[in-house]
Amino acid sequence: MRKDKVTITPSANLGTAYGTFYQKKCIFAPAVKKYHFPNNSQIMSYSKDAFRFCPFCGSGNFVWDGVKSHACSDCGKKLYTNEVGAVIALIYNADGELLLTTRKFNPAKGMLDLPGGFIDLGETAEQAVVREIKEELNLKVENLQFYGSFPNEYVYAGLTYFTIDIAFVCKVENFDGLSASDDVSDICFKNPKQVNLQEIGLASVRNLIHQLQTKTLL
């Protein structure tokens with residue numbers, strides 16, 4: 001885990017926060033829209049893709065309640081399903097364009113994405129986004145600010161992971177070493193308002209960029 005010094009700028013009362021990145025005034029508004037993820041059919045079918053046996057006693061009588069937990073009718077214990085933490089980075093260049101990546105692997109291989117990934121055990125969200133930016137883009141973050149959180153469904157190997165994707169506006173030292181690596185196959189910069197939402201692979205990122213297109217002034 002990297003220990004680089006990063007300045008963290010908190011949002012004012014989680015309301016509209018103002019900052020000057022690259023001499024541009026940007027409005028960073030946390031997500032306020034209520035998203036409806038996952039839908040009822042995905043919640044109800046989750047049991048078929050997740051656990052068939054009780055991890056406490058091995059019983060096959062391990063039933064999904066359709067809301068948030070499996071319960072064993074033999075030992076009486078429950079296993080709760082919660083959202084998994086992940087991070088997203090919003091990185092702008094001097095022209096106010098947003099850095100977008102192309103996904104190298106499934107899910108959504110070949111589609112547009114934003115830098116980020118899952119939070120490792122023992123990491124804070126802030127540490128995770130700094131690490132992911134270094135791993136995927138070879139860039140060093142010097143300042144970051146919380147933007148908002150977006151629920152998502154991440155399907156891998158047939159299993160659905162319900163995630164909460166925590167977005168940060170990140171300022172990097174420079175773009176000199178910018179390169180695609182790890183889970184990223186390509187990099188581009190685009191005006192957020194010109195991004196085609198249908199080209200974005202993940203629902204959380206699609207919702208985030210839609211919010212940028214409708215609420216963020218660059």
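The values are calculated or read from the model by the stated rules, or taken from the named source; none is laboratory data. Quantities reported herein were computed from a predicted structural model and do not represent experimental measurements. Quick reminder, even Gly has a Cβ in these numbers, built from the backbone with ideal geometry, and neighbours come from all protein chains shown.
What the table below lists for this structure:
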read-out	value
Any chance G158 is exposed (fewer than 14 other Cβ atoms within 10 Å of the Cβ), at pLDDT below 95 and out of contact with any Ser or Thr (no Cβ under 6 Å at 6 or more places or on another chain)	yes
Residue match in the range 96-106 (condition: surrounded by 22 or more Cβ atoms within 10 Å (Cβ to Cβ) and in contact with a Gly (Cβ under 8 Å, 6 or more places away or on another chain))	no
Residue check, G122 in contact (Cβ under 8 Å) with a residue 12 or more places away in the chain and outside any strand (DSSP E or B)	yes
Any pair with Cβ under 8 angstrom, 6 or more apart, that starts in the range 74-85 at a residue that is in a strand (DSSP E or B) and ends at one that is surrounded by 15 or more Cβ atoms within 10 Å (Cβ to Cβ) and hydroxyl-bearing (S, T, Y)	V84/Y154; V84/Y161; V84/T163; G85/T163
Set K193, K134: member being part of a helix (DSSP H, G or I) and modelled with pLDDT under 95	K193
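For (1) part of a strand (DSSP E or B); (2) of a type outside the set (A, V, I, L, M, F, W, C); (3) under 16 Å from I88 (Cα atoms), each residue gets a yes or a no:
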| site | (1), (2), (3) |
| --- | --- |
| V155 | yes, no, no |
| D165 | yes, yes, yes |
| V169 | yes, no, yes |
| F175 | no, no, no |
| D186 | yes, yes, no |
| I209 | no, no, yes |
| T214 | no, yes, no |
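One line per residue, one yes/no per condition, for (1) surrounded by 18 or more Cβ atoms within 10 Å (Cβ to Cβ); (2) aromatic (F, W, Y); (3) under 15 Å from the mean Cα position of the chain (by Cα):
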| residue | (1), (2), (3) |
| --- | --- |
| L114 | yes, no, yes |
| G117 | yes, no, yes |
| L121 | no, no, no |
| V129 | yes, no, yes |
| E135 | no, no, no |
| Y147 | yes, yes, yes |
| P151 | yes, no, yes |
